[in-house]
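**Student:** Here you go, one structure.
Taken together, the values in this text are just the output of simple stated rules run on the coordinates, not laboratory data. Because the structure is a prediction, the values reported are computed rather than measured. Note that we place each Cβ from the backbone using ideal geometry, even for glycine, and neighbour counts take in every protein chain shown.
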Amino acid sequence: MRIVFLFIDGVGMRAPAPDNPVNPEVCPTLCRLIAQHAVPIDACLSMPGLPQSATGQATMFTGVNAPVFMGRHCEGFPGPSLRKKIEEDNLFLQLKARGKRVRFADAYLVESADELVARRFKSVTTVMALTAPEVVSTTDDLTDDAAVMQDLTRETIQDRYPEIPVITPEDAAAHLFGIARVNDFTLYEFFQTDVAGHSMDYGRACAVLRLYDRFLAALVRFTRAAGITVLLTADHGNIEEMNERGHTRNPVPFIAYGPREEDFRAHVKSLVDVTPAILRFI
């Protein structure tokens, strides 16, 4: 089985409301997949307070309840204790140990993974990728259309890399599909949704969701024809409540679309279950 895992940052599930841009008029493909191929899962993980990125993502990619391990929700970049836990065991390491072909499709603007080691602040996905450096995608991969920028279209890097052309979201989907076709597991992270959610700018949130929806619509057409399973989930809610700047305690969607989708949905009740389910069915 081949899996492409879409980690979309800061998207929770909430009833329709004037300040909720996650609706069929803005993002019809995402909403259809949520309605027909998703279950709501818990991102709060038995811890009071608002769920945060570092512990939510660490939970998602290790199967360990990171807020319980840390004694609190941890925002932003993981600190030393959480980094150590991620480095000890994570989804990339377990898949590589099973002989699976793995790729982190997000392009780092570096020549090699070695340049990432010295960075002071590292996201959960970067910490995880550095435990299996061969999964890392570089600037050369992006130039060869064998990686995808975190903004999909590459517009955010034009001031530094004008020689790398801007593309459409549909092009980005085609590039991600090309990566997924030759790997057993491909991860793509999109965090512009969380950035837009924190802005409290409803128009900006709609623009980001429309862009992502174009990408998602194209990708699921490609994967359906190729028999690749698409998984999509978030680390916490945010963008679904644009009248608040912070995260939410809303459940997040766990979408499974493709071969064995019912099995995936039946085994995932919270972020703790994501990595175990992938290891169970891949």
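**Student:** Suppose the Debye formula is applied to equal point scatterers at every Cα of the chain; what is log10 I(q)/I(0) at q = 0.08 Å⁻¹?
**Tutor:** -0.29
**Student:** Would you work out if region 160-279 is rounded, prolate or oblate? Take a ≥ b ≥ c from the square roots of the eigenvalues of the alpha-carbon gyration tensor; rounded if a/c is under 1.5, else prolate when a/b is larger than b/c, oblate otherwise.
**Tutor:** oblate
**Student:** What FRET efficiency would be calculated for the residue pair residue 163, residue 75, taking the C-beta separation as r and a Förster radius of 30 Å, to the nearest 0.05?
**Tutor:** After rounding, the FRET efficiency stands at 0.25.
**Student:** How much of the DSSP beta bridge set in the chain is antiparallel, as a percent to the nearest 5?
**Tutor:** Values: 8 of 25 bridges.
Of all bridge pairs located within the chain, approximately 30 percent are antiparallel.
**Student:** Please compute the contact order of region 144-282 in relative form: average sequence separation of alpha-carbon pairs under 8 Å and at least six residues apart, divided by the residue count, as a percent.
**Tutor:** 20
**Student:** Mind jotting down the distance between the C-alpha centroids of region 104-155 and region 67-93, whole Å?
**Tutor:** Each part's Cα centre sits 20 Å from the other's.
**Student:** In nm, what is the difference between 0.36 nm times the number of residues separating residue 244 and residue 109 and their Cα-Cα distance?
**Tutor:** Length difference between fully extended and current span is 45.3 nm.
**Student:** Tell me, what HN-Hα J-couplings in whole Hz come from the Karplus equation 6.51 cos²θ - 1.76 cosθ + 1.60 at θ = phi - 60° for each residue of region 233-241, using x for Gly and Pro?
**Tutor:** 7, 10, 8, 5, x, 5, 5, 6, 10
**Student:** Under a 10 Å cutoff between Cα atoms, tell me which one of 255, 164, 228 has the largest fluctuation in the Gaussian network model of the chain.
**Tutor:** Maximum among the listed residues: 164.
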